[in-house]
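The values are calculated or read from the model by the stated rules, or taken from the named source; none is laboratory data. All figures in this text were calculated on a predicted structure; none of them were measured in a lab. Ideal geometry is used to build each Cβ from the backbone, glycine not excepted, and the neighbour counts take in all protein chains shown. To get the accessible areas, we keep the full protein, side chains included, count just its heavy atoms, and leave off ligands, DNA and RNA. Shrake-Rupley method; radii C 1.70, N 1.55, O 1.52, S 1.80 Å.
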Amino acid sequence: MEQFTEQFSICSWVRKVRPAGNYLYWFHYATESSVSEIRMTDHGHSKMFNGPSLNKVDQLAITPCPWFHYCMSWSASSASADVYFNGTKVGSITTPPGRELATGGSLVLGQRQSEAGDIYTVNGGRPFGGELYKLNIFSKKLTAEEVSEMYQAGISSDVERKQGQYRQLKWENIIQQPRNGNVQLVNVDFAEVDRACQVKASLAYVEKQLANARQELNMMNAGKLLDQTQSELREAKIELEATRADLGQRLSQAQSELELTRIELEETELELEACFEEKSWSPWDILNHQCFFNSVLSEEKIASLNKVWERLESFKGVTVTKDLIAFLKDDDTGKDLCEV
């Protein structure tokens, strides 16, 4: 990599095939002192000089199948590496001033290195598992216009040849290098690939539309269920209001009836009081007592009555009170009155 120490541009057409997995390396250059001197993944992550990196994974959202054009263009004088996706600059990596590309390293395409020349194998490694085409490394920092022209010309053009002597590491020479692992050289019908990708994209679109339709249907069903629930709630509310009105009416009627009963009781009480006040009392009312009423008025009963009245002589001058009445009731004088 001696010819690229001060500036270079790495450009290639890349096709992601594996649907899942991050940090699947299609380009990895490592040295003894810097395991990540240059590395690029198939989902939009680039790194240089074992530190500075550019992560455009979320922005690019690269999907399997379509070919995309990827280019990194750097120079020591600018201390910056510009990254292009499909002819458009998506960002830059700032590199340390005066830092040059280290030489004597190991370049591996399609796999990560754990250190220079040693393939990373932990958990199956980080194999790219996709396709590369027209990978070229130029000994200059390509301009934005040159990169855009390369993309716009298309995958089948030879526009990269216009760089002449700057195209130091050529695709036609790269494919002649020894291959390890499951690496194959295939003839690609780009038109057929494009058609297959279009079909796949169409299928993905249809699947997305179906998913949206299912979601809308679920929302509609949920809406119907909500409408039904709201309708049932409205009916329950109407029934509750009717019940409340009926209970209110019954309560009002009960209160009215209770008030009428209270008034009647008051009137009855007043009548009883009036009756009690108006009624004339006679000493002969004692004969209404059960001890005399409907029984023969014998000598013994008359004698008992006289005995009671004679007992009253002892209390002449005493005020008649409840206590006096209670005392007389406890007295033995009148206890045998009903037994005679």
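Across segment 141-160, what is the total count of residues that are assigned to a loop (DSSP other than H, G, I, E, B) and closer than 22 Å to residue 28 by Cβ? Residues flagged as assigned to a loop (DSSP other than H, G, I, E, B) and closer than 22 Å to residue 28 by Cβ within segment 141-160 amount to 2. Would you check if residue 85 is at pLDDT 95 or above, more than 24 Å from residue 187 (Cβ to Cβ) and of a type outside the set (Lys, Arg)? Judged against the criteria, residue 85 is not a match. With respect to residue 31, determine if the residue is of a type in the set (Val, Ile, Thr) and open to solvent by 30 Å² or more (accessible area, probe 1.4 Å). The answer is no for residue 31. Name the single residue that is most open to solvent (accessible area, probe 1.4 Å) among those in segment 129-150 being among the hydroxyl-bearing types (Ser, Thr, Tyr) and either in contact with a helix residue (DSSP H, G or I) (Cβ under 8 Å, 6 or more places away or on another chain) or modelled with pLDDT under 95 (or both). Out of the qualifying residues, it is 133. For the condition modelled with pLDDT under 75 and loosely packed, with under 10 Cβ neighbours inside 10 Å, residue 332 qualifies.
Within segment 182-191, being without any contact (Cβ under 8 Å) to a residue 60 or more places away in the chain and open to solvent by less than 90 Å² (accessible area, probe 1.4 Å) holds for 186, 188, 189, 191. Kindly check whether there is at least one residue in segment 55-65 that is open to solvent by less than 30 Å² (accessible area, probe 1.4 Å) and part of a strand (DSSP E or B). Scanning segment 55-65, I find no residue that is open to solvent by less than 30 Å² (accessible area, probe 1.4 Å) and part of a strand (DSSP E or B), so the answer is no. The conditions of being assigned to a loop (DSSP other than H, G, I, E, B) and either at pLDDT below 95 or closer than 24 Å to residue 167 by Cα (or both) are not met by residue 91.
Among the residues making up segment 290-319, those that are surrounded by 12 or more Cβ atoms within 10 Å (Cβ to Cβ) and among the hydroxyl-bearing types (Ser, Thr, Tyr) are 295, 304. Condition check: assigned to a loop (DSSP other than H, G, I, E, B) and either under 19 Å from residue 134 (Cβ atoms) or out of contact with any strand residue (DSSP E or B) (no Cβ under 8 Å at 6 or more places or on another chain) (or both). Does residue 43 satisfy that? Here the answer is yes, as residue 43 does meet what is asked.
Listed here are the residues, each with its yes/no results for (1) at pLDDT 90 or above; (2) among the charged types (D, E, K, R); (3) under 29 Å from residue 165 (Cα atoms).
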residue	(1), (2), (3)
7	yes, no, yes
10	yes, no, yes
19	no, no, no
48	no, no, yes
51	no, no, no
59	no, no, no
62	no, no, no
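Of the residues screened, residue 117 is one that is at pLDDT below 85 and over 47 Å from the mean Cα position of the chain (by Cα). The condition of being in a loop (DSSP other than H, G, I, E, B), of a type in the set (D, E, K, R), touching a residue at least 12 places away in the same chain (Cβ under 8 Å) and open to solvent by 50 Å² or more (accessible area, probe 1.4 Å) holds for only one of 126, 179, that being 126. Going through (1) surrounded by 16 or more Cβ atoms within 10 Å (Cβ to Cβ); (2) modelled with pLDDT under 90; (3) among the charged types (D, E, K, R) one by one, residue 37 falls short only on (2). Note on segment 103-118: among residues that are assigned to a strand (DSSP E or B) and closer than 22 Å to residue 182 by Cβ, the one that is least open to solvent (accessible area, probe 1.4 Å) is 113.
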